[in-house]
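Scroll down for the structure; my scribbles are underneath it.
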Amino acid sequence: MKGAQSRERVVTTALRLFHERGYASTSLSDVAKEAGLLKGNLAYYFKTKPDLLAAVTEARQRALGLALSGEGDAGTHLSDALNAPPLEVIGRLLDHVEASAEELAMRGCPLGSLSTELGKRSEDDLHPQAAVLLTGLLEWLQVQFERSCTAVDAARHAEHVMTCLQGAAVVAQAARDPGVVMRQVDGVRQWLARDVFVNGRATGAAAVARPASAGALAARSKRRK
């Protein structure tokens, strides 16, 4: 049990440091020190930094899968088809992003940041490991949309949602304003309910999402208080 807890602490610490400092600027010694371990002890769990990166991406994918499943099954995978209506299932992702608004405004998206950084390191074959967090989520979204529409439309809808959410994270961090995330998530919710899903099924010609009205935002703000 103690070994499992130490390993989990190392992975959690690595994700935070990769996010704060960047993958290239974080050494195994940095991770060991922050996790309260000797570097030699850390090597018992992870011999190389790529090994640690693989564990970080796996842990993040598992945690996100739990959040999206709405269940406590640790075996839930992002690609699993869920029984709830697609709009409800996709809503879980929006709830998750909305709940992370403050963190996203301060630090940006850990998944997007890591994927972007490693994508620039042409000499390393590390980008796919980090990118799978975003591409896996994109595929998960497409699976949900495909339950109600064609594969072509599902791919377009999934891409639109992902670009809205990632763009919101980037702008929110630049402006240090979690409200950017809140407004864009609300806009995606309205787009899904108004233009994509009709009587529980997705339409093929959904309009581009429009920002939520001031009245709608004020109403949502009152409901949160």
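The values are calculated or read from the model by the stated rules, or taken from the named source; none is laboratory data. A quick note: this is a predicted structure, and the numbers were derived from the prediction, not measured. All Cβ positions, even for glycine, are placed from backbone atoms using ideal geometry, and neighbour counts span all protein chains on display. Note: accessible area is taken over every heavy atom of the protein model, side chains too, but ligands, DNA and RNA are not part of it. Shrake-Rupley method; radii C 1.70, N 1.55, O 1.52, S 1.80 Å.
Does ALA168 satisfy being over 16 Å from ALA99 (Cα atoms) and in contact (Cβ under 8 Å) with a residue 60 or more places away in the chain? Walk me through how you get there before you give the answer.
Working: over 16 Å from ALA99 (Cα atoms): no; in contact (Cβ under 8 Å) with a residue 60 or more places away in the chain: yes.
For ALA168, the condition - over 16 Å from ALA99 (Cα atoms) and in contact (Cβ under 8 Å) with a residue 60 or more places away in the chain - is not met.
Please determine whether any residue of segment 71-81 is modelled with pLDDT of 85 or more and either open to solvent by less than 40 Å² (accessible area, probe 1.4 Å) or polar (S, T, N, Q) (or both). Before the answer, list the steps.
If we filter segment 71-81 for residues that are modelled with pLDDT of 85 or more, which is where we start, we get none.
Scanning segment 71-81 turns up no residue that is modelled with pLDDT of 85 or more and either open to solvent by less than 40 Å² (accessible area, probe 1.4 Å) or polar (S, T, N, Q) (or both).
Let's see how each residue does on (1) modelled with pLDDT of 90 or more; (2) open to solvent by 20 Å² or more (accessible area, probe 1.4 Å):
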site: ALA4; (1), (2): no, yes
site: THR48; (1), (2): yes, yes
site: LEU52; (1), (2): yes, no
site: ARG62; (1), (2): no, yes
site: SER69; (1), (2): no, no
